[in-house]
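What follows is one structure encoded as structure tokens, with my remarks underneath.
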Amino acid sequence: MKTGKKLGDKSVLRVDALQNRERILAAAEQAFLERGAGVPLEDVARRAGVGIATLYRRFPTREALLAETSNARFLALAESSRARDGTLDPERAIRAFLEELVLNTSLYQSLAASLGTVLQHGTLGCNAITAEGKRLLARGQDIAAIRHDITFDDLICVVTAISLSVEQDASSQTRVAHLVDLLFGGIASR
């Protein structure tokens, strides 16, 4: 009976831990949407009804929490990009991907400032975005539409700059396509 009780206790802890995780993610999503990615994590923990230590045990850094709250959007963005493969040439495909990434990055105020770090967290969404961006970049470079000295990290730096611009001036959101076009002026093969 003791073994069963121990197993039962462990499963209760696992369920409880999963519930805490889900409450933290829901509270973080709400807080980030309302107040931006810089909201104090103590506020997120309070909204979730957990202690700050529980939040940090599940998400050791702000960027880890941002990566998880962005996971589904990043997965959807990568999937929609792959779905366009047959309909857009490589240059137009990477443009569309970058525009969508800017719009996703602009969802939470202050997310843009840590995008590069967030993408390194290894969530399925972060990995999918990185793989898709690198794939599209390689396709553009293979047909000589994009300079060969451009890296995915370079693109993330520029996406960050465009996202910060959009964040600072809400009217810039309508200019995302134009700003991505300016980017392509710099990365296109001559």
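Read-outs throughout are calculated quantities, based only on the coordinates presented, and are distinct from any laboratory measurement. The model shown is predicted, which means the values in this text are computed figures rather than measured ones. Using ideal geometry, Cβ is built from the backbone for each residue, glycine included, and neighbour counts are taken over all protein chains shown.
Some points to look at:
- Taking only the alpha carbons of the chain, we obtain Rg and Dmax values of 19.6, 75 Å in that order.
- Gyration tensor (alpha-carbon) shape descriptor, region 119-161, a/c threshold 1.5: oblate
- Relative to the longest principal axis of the Cα atoms of the chain, the long axis of helix 152-168 makes an angle of roughly 80 degrees.
- Between amide H atoms placed 1.01 Å from N, distances below 5 Å from Ile146 occur with Gln141, Ser189, all of them 5 or more places distant or on a separate chain.
- Net charge in the neighbourhood of Ala161 (other residues with Cβ under 12 Å of its Cβ; Lys, Arg +1, Asp, Glu -1) is -2.
- The gain in end-to-end length when the Asp89 to His178 segment is fully stretched comes to 30.2 nm, 0.36 nm per residue minus the alpha carbon separation.
- Helix 124-142 and the longest principal axis of the C-alpha atoms of the chain enclose an angle of approximately 10°.
- Positive contributions from Lys and Arg (+1) and negative ones from Asp and Glu (-1), summed over other residues with Cβ under 15 Å from the Cβ of Gln120, come out at -1.
- In terms of surrounding Cβ atoms within a 10 Å radius of their Cβ, Arg23, Arg175 rank from fewest to most as Arg175, Arg23.
- For region 68-107, the residues whose backbone nitrogen is under 20 Å from a point 7 Å from the Cα of Ala26, taken along Cα to Cβ, are 68-73.
- Contour minus Cα-Cα distance for Thr61 and Leu103 (0.36 nm per residue): 12.8 nm
- Across region 108-190, the relative contact order, built from alpha-carbon pairs under 8 Å that are at least six residues apart, equals 34 percent.
- Tilt relative to the chain, helix 2-35 - C-alpha long axis, 0 to 90 degrees, to 10: 40 degrees
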